[in-house]
1. Just for the range 191-218: of the residues that are among the charged types (D, E, K, R) and not in a helix (DSSP H, G or I), which one is surrounded by the fewest Cβ atoms within 10 Å (Cβ to Cβ)?
2. Kindly indicate whether L110 is touching a helix residue (DSSP H, G or I) at 6+ places or on another chain (Cβ under 6 Å), closer than 17 Å to A36 by Cβ, modelled with pLDDT under 95 and assigned to a helix (DSSP H, G or I).
3. Does any residue of the range 35-48 turn out to be in a helix (DSSP H, G or I), under 21 Å from A140 (Cβ atoms) and modelled with pLDDT of 95 or more?
4. For E116, are the conditions met, namely being exposed (fewer than 14 other Cβ atoms within 10 Å of the Cβ), assigned to a helix (DSSP H, G or I) and out of contact with any helix residue (DSSP H, G or I) (no Cβ under 6 Å at 6 or more places or on another chain)?
Amino acid sequence: MTAHHYTFHKQLDKLFEKFLGLGALVEDRIRKACEAIKTGDEELIKFVSSSDYEIDELEIDIEEECLKILALYQPVARDLRVIIAIIKINNELERIGDYAVSIARRVRDLSKAKIEMKYRPDYDQMIAAVLKMFKLALDAITYQDSDMAHRIFILDDDVDKLRTQHYERIIEEIQKQPEAARYLIDCYILARHLERIADRATNIAEEVVYLVEGEIVRGEFA
């Protein structure tokens, strides 16, 4: 191995470590946002709502590192695929962090609503599926395991069905209690945010499949 090649792989390892750190940070925010849905905990809501800058800064830092490595070492074949995958997944992680913030802020709005509601949506199944998908996505990246990535596609179908069930139930409740329409729509938007996190986890899975197998699967499982 040449000194140039050794330095490149050392830089790549450092970058990958930083990138996995971003994944862990985003997972922490999703878990806290989901806990806020269940508990309405004001401290959690405040923390998730105001800590997005950490994710944004790390995402920019990682992208700049990727571009620097591309310019300095001009990697090819699998090494190039690794860098491209990191750039794309890095962006997905930042967007997932944004959804965690949106969830926390929506929960805060719902907790302030002054309206008597008989109906309370149950997000537990959806939360469990989304957290499982994201954990699988992180593991698939860490171990560069396309089998894990393929499992995410199946779970995404389950989340889509649960989101549809939420939508149909919300429409029913609006017809029963039209004065609560705004509150109920906010309840649906929470389900929509969870679904969007699942969609982003699916995008990550597609990138992992491409990285490992060299095949583009985008849209194949839609």
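1. The qualifying residue surrounded by the fewest Cβ atoms within 10 Å (Cβ to Cβ) is E215.
2. The answer is yes for L110.
3. No, the conditions are met nowhere in the range 35-48.
4. The answer is no for E116.
The values are calculated or read from the model by the stated rules, or taken from the named source; none is laboratory data. Because the structure is predicted, anything quoted here is derived from the model rather than measured. Here the Cβ is made from the backbone with ideal geometry for all residues, glycine too, and neighbour counts use every protein chain on show.
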